[in-house]
Each structure stands twice: as structure tokens, then as C-alpha cells.
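Okay, structure first, notes after.
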Amino acid sequence: MKIEKLTDIDGLLRKHEDYRSRCLNLIASENYASDKVRSYLSGDFSNRYGCYVGMDLDDREYTGNKYINEFEKATQELVKEVFGGKYADLRPIGGHMAGMSVVLALLEPGDLVIEVHLKDWGHGLVGPMCELRQFDETINVEYMKFDENGAVDTKALQKMAAELKPKLIVFGGSGTLFPEPIKELKEIADRENILLAYDASHVTGLIASGVFPNPLEEGVDVMFGSTHKSFPGPQGGFVVSDNKELMEKIGNALSPSLVTSHHLNRLPAFAASLLEIKSFGKAYGEQVVRNSMALAKAMAKEGFKVKGAARGYTESHLILVNVGGFVDEAPGKLLEKAGILCSDDFSGSAPEVRIGTPESTRRGMKEEDMQAIAQFFKRVLIDKEDPESVLKDVETFALKFPDYEYAFK
Ligand SMILES: *Cc1c(COP(=O)(O)O)cnc(C)c1O
């Protein structure tokens with residue numbers, strides 16, 4: 001298509017919105033921000049420029065930012081209240097940049113970092129960075145192991161840490177089912193001077209809701225993440241820690257190297273979503289986890305191999321389902337033909353789907369709706385029904401949930 005006039009823009013946007021309203025969104029890394037949160041993204045802040053080095057907001061370079069400065073400080077206070085941590089940095093414009101700032105600030109050339117491998121649903125923070133020669137020649141990376149339930153293999157990680165003495169261990173990935181063994185690594189970390197970081201991008205909303213352990217309280221030195229996955233805010237990132245020295249280093253890596261203008265319109269939208277999570281977070285987070293659990297059980301009942309069965313499937317906003325035996329390739333495209341949106345992966349030994357419940361929960365779906373969702377998966381992947389015919393029923397189902405809950409109206 002060609003954009004020549006405004007109606008071309010409006011038309012395509014309408015098509016997108018209509019399409020997504022008819023899809024069943026089970027992408028674990030997406031969510032639905034409320035109209036109120038969305039409305040703040042188009043305010044005057046979106047045309048202003050924020051730029052400062054170091055941690056001190058009063059060192060901001062741009063004039064005219066008296067109230068933006070005040071706003072950023074107040075939002076930092078809200079973040080500290082919700083996530084803990086004596087210091088917060090809101091300049092990363094996404095979870096990935098937040099992670100890069102932590103890695104680049106805390107490692108010296110030649111240091112080793114342990115993170116989650118892509119094949120275990122790692123996000124791929126350091127691994128892909130090392131595809132660039134500058135990083136490949138200065139950063140060494142190893143990967144933590146996972147057990148058959150999809151949980152970090154604690155003993156193996158303790159052994160790796162004691163033997164390899166990495167500078168940094170980054171917990172957290174894009175397929176987190178269970179809390180990580182942070183307390184179990186703390187003693188070795190203290191003894192060997194290993195820094196512990198937590199990439200909370202996926203579970204930020206669960207941590208804020210109090211339904212998932214707060215890694216800072218469990219002993220990590222620094223936590224970072226996205227504000228738009230299980231946390232239903234605007235797209236953005238953050239870093240929090242109790243350690244001033246580390247935060248100064250991270251701040252210096254962020255600016256001026258990684259970010260100068262940090263997209264200030266995120267701040268009021270993020271502040272509004274922090275207020276929402278303070279008011280509705282507990283109910284939201286509990287329902288997200290109940291829905292994941294209900295969906296896991298329903299999928300298992302339909303004949304799917306759901307990961308983590310021996311540990312109760314999941315304690316988070318997502319489930320992982322091995323669909324080997326039913327399909328020979330990653331089935332995301334096939335499912336999308338039936339209006340079902342979720343992530344897939346075929347880098348391990350069998351094709352897997354990752355099914356998340358944050359957006360469906362915000363849309364008002366409850367445990368009984370998870371039964372219906374499991375049946376849609378069965379019809380497409382096990383019964384091999386024509387996806388077009390499943391699509392009609394998925395659309396009818398999705399259109400029953402046009403609204404959202406756990407938000408200011
Ligand atoms: C999504 C994700 C990121 C990247 O976050 P963005 O906000 O998209 O930049 C980083 N780490 C993990 C574990 C993720 O799942």
C-alpha cells in the first residue's frame with residue numbers, strides 16, 4: 001500500500017484494530033493498556049527532549065523541562081514504591097536496552113556472563129550482542145541449564161558459578177514458568193564476587209502484583225525489565241537497585257552511550273499504569289496465574305504435553321506446550337490462520353508453543369474460558385481441522401471480550 005493521504009493511514013490502522021479485535025491474543029509478551037494509559041502517550045511530553053548524564057535529574061541538559069523533571073522524579077518514586085529498590089532509572093526505552101546498560105556497565109573486557117539460552121526461551125541479550133565483533137571480542141557468555149520441568153537447574157548453576165566464576169549472572173527469560181533459585185545462588189555469588197541481575201521483562205507485572213517473588217528481595221543486585229508485557233503499561237524499560245555505585249555505572253552506560261532522548265511521553269503513561277497496578281494489581285496478577293494454571297490443565301486434558309507437569313505446570317503468566325507428534329514445524333503461522341496468536345519455537349528438540357494469559361485476563365477471561373481456548377488448540381493441532389473453520393468460532397469467542405478489566409475507566 002501507498003500512503004498519500006490521511007485516510008490511507010486511518011484505513012490501515014482501522015484494519016489492524018479490527019483484525020486484532022477478532023484474534024485471540026495469547027502472546028505472553030503483549031498486553032492491553034487501558035485507554036487512560038494510552039491517552040497519556042500523545043501529550044506534550046512527546047515533543048520534548050530529555051537528556052542527562054549520570055543519575056542526577058538536576059543535571060538535565062534541556063531547558064524548559066522544569067515540570068518534566070519533577071514528573072520523572074515522582075515517577076521514579078512510584079517505581080521504587082512498587083518494585084522496591086532505593087534507586088530507579090527510567091531512561092531505557094525498552095527492556096532490551098535496560099539489559100544492555102546493565103551488561104555493558106558491569107562487565108570489564110574479558111569477563112564472563114551466564115544467561116538463559118535462546119533454546120530455553122532466553123530473550124537473547126548477550127548471546128546476540130556477541131554477534132557483533134566488538135562485543136564478541138570482549139564479552140564471554142555461557143548458559144544456565146534447565147531441568148525437564150522448565151525450571152533452572154539449581155545444582156548445575158551452583159557448580160557452574162563456583163567453577164567458572166562469572167562476573168555476572170542474568171536470571172530471567174521469555175519463558176519463565178517458575179521463580180528462579182536466586183537465594184540458592186546468593187552464597188556462592190557473595191563468596192566469588194559474582195553480581196546477580198534479574199531480567200524481569202516478562203514477569204514485571206507479576207512482581208508488581210505480588211504474585212511472583214521480588215528478585216530484589218531475594219538478593220539480586222539489580223533488576224531491569226520492560227513495562228509492557230505482564231505489566232500492562234506503555235512500551236518502555238526500567239532499572240532498579242539498592243546499590244548506588246552500580247546504578248551510577250549503569251546510568252553512565254545508558255547516557256550518553258545508549259540513549260539520549262528517552263521518549264518522555266512514556267512517563268505519564270507509565271505513572272498511570274503504576275497507579276492501576278497499585279489499585280488492581282493483586283486481583284489481576286492472581287487471575288493471570290489462575291488462568292495459566294487452568295489453561296495448562298485443560299491443554300493436558302485435551303492430550304497436549306504441557307511442560308512442568310511434575311511441578312504443577314506454571315507459577316507465571318504463561319505455559320509451554322510441546323506439540324511434537326502433532327506438527328512437524330513451529331505452528332505459529334497455522335494457529336494464526338485460526339485467529340490464535342501465540343509464540344512458537346523449534347530451536348530445541350521439539351516444536352513448542354508459548355501461551356500467555358496477560359491480555360486475555362485483562363480482557364476479562366476466566367478459568368472456564370481457558371477450557372474453550374484449549375479446545376481451539378486441539379481442533380487445529382490434534383484434530384487437524386481446517387483452520388478457516390476454527391477461525392469463525394475463535395472470532396465469535398474473541399469478540400465477546402471487547403472491554404478490559406483491572407484498570408481506571
Ligand atoms: C522482551 C524481553 C526483553 C526486551 O524487552 P523490550 O522491552 O522489548 O526491549 C528483554 N528480556 C526479556 C527476557 C524479554 O522477554
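The values are calculated or read from the model by the stated rules, or taken from the named source; none is laboratory data. Predicted model only: the values in this text are computed from it and were never measured. Here Cβ is always computed from backbone atoms with ideal geometry, including for glycine, and neighbour counts include all displayed protein chains. Surface areas here come from the heavy atoms of the whole protein model, side chains and all, with no ligands, DNA or RNA. Shrake-Rupley method; radii C 1.70, N 1.55, O 1.52, S 1.80 Å.
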Tell me what the chain gives for mean residue ellipticity at 222 nm when only DSSP H runs of n ≥ 4 count, each as -39,500 (n - 2.57), the sum divided by the residue total, rounded to 500 deg cm²/dmol. -12500 deg cm²/dmol
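Could you check how much of the accessible area of the chain is carbon and sulfur, as a whole percent, using a 1.4 Å probe? Before the final figure, lay out the partial values.
Values: 9010 of 18090 Å².
Looking at the chain in its full context, I get 50 percent from C and S.
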How big is the accessible area of residue 97 in square angstrom, nearest 10, if you roll a 1.4 angstrom probe over the protein chains? 40 Å²
I want the antiparallel fraction of DSSP beta bridges within the chain, as a percent rounded to 5. 55 percent
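Of 183/305; 305/378; 337/392; 297/378; 145/301, which ones are farther than 22 Å apart at the Cα? Walk me through the numbers before you get to the answer.
Numbers: 183/305 30 Å; 305/378 12 Å; 337/392 11 Å; 297/378 13 Å; 145/301 29 Å.
The answer is 183/305; 145/301.
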Which FRET efficiency, nearest 0.05, do residue 193 and residue 133 yield, Cβ-Cβ r, R0 30 Å? 0.60
With the dipole of segment 280-398 worked out from charges on the C-beta (+1 for Lys and Arg, -1 for Asp and Glu) around the Cα centre, which of 343, 299, 375 lies farthest toward the positive end? 299
So how far apart, in nm, are the two label points at residue 74 and residue 119 if each is 7 Å from Cα heading toward Cβ? 5.1 nm
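Dipole size in debye (nearest 20) for segment 1-123 around its Cα centre, Lys and Arg Cβ +1, Asp and Glu Cβ -1?
So the dipole magnitude of segment 1-123 works out to roughly 540 debye.
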Test of understanding: what is the full-extension gain from residue 4 to residue 16, defined as 0.36 nm times their sequence separation minus their Cα-Cα distance? 2.5 nm
If you average the alpha carbon positions of segment 207-251 and of segment 24-68, how far apart do those two centres end up, in angstrom? 17 Å
Please list 260, 396 in order of solvent-accessible area, largest first, computed with a 1.4 Å probe with all protein chains present. 396, 260
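Ranked from highest to lowest mean number of other Cβ atoms within 10 Å per residue, what is the order of the peptides 232-242, 214-224?
Output ranking for 232-242, 214-224: 232-242, 214-224.
Which value, in debye to the nearest 20, gives the size of the charge dipole of the chain about its Cα centre, when Lys and Arg are +1 and Asp and Glu are -1 at the Cβ?
Numbers: 49 positive and 63 negative charges, 176 e Å.
Magnitude of the dipole: close to 840 debye.
Peptides 372-379, 127-134: what's the order by average Cβ count within 10 Å, highest mean first?
On the way: 372-379: 21.1, 127-134: 13.0.
Per-residue Cβ counts within 10 Å, averaged per peptide and sorted highest first, yield 372-379, 127-134.
If you place +1 on the Cβ of every Lys and Arg and -1 on the Cβ of every Asp and Glu, how big does the dipole about the Cα centre of segment 251-379 come out, in debye to the nearest 20? Display every interim value, and only then the final one.
Details: 17 positive and 14 negative charges, 53 e Å.
The dipole magnitude comes to about 260 debye.
Keeping all protein chains in place, calculate the accessible area per residue for segment 134-292 (probe 1.4 angstrom), answer in Å². It would help to have the intermediate numbers written out before the result.
On the way: 5760 Å² over 159 residues.
Heavy-atom accessible area per residue stands at 36 Å².
Would you mind checking the pairs 229/400; 86/366; 80/155 and listing those with alpha carbons more than 29 angstrom apart? Let's see the in-between values first.
Values: 229/400 23 Å; 86/366 36 Å; 80/155 32 Å.
Exceeds cut-off: 86/366; 80/155.
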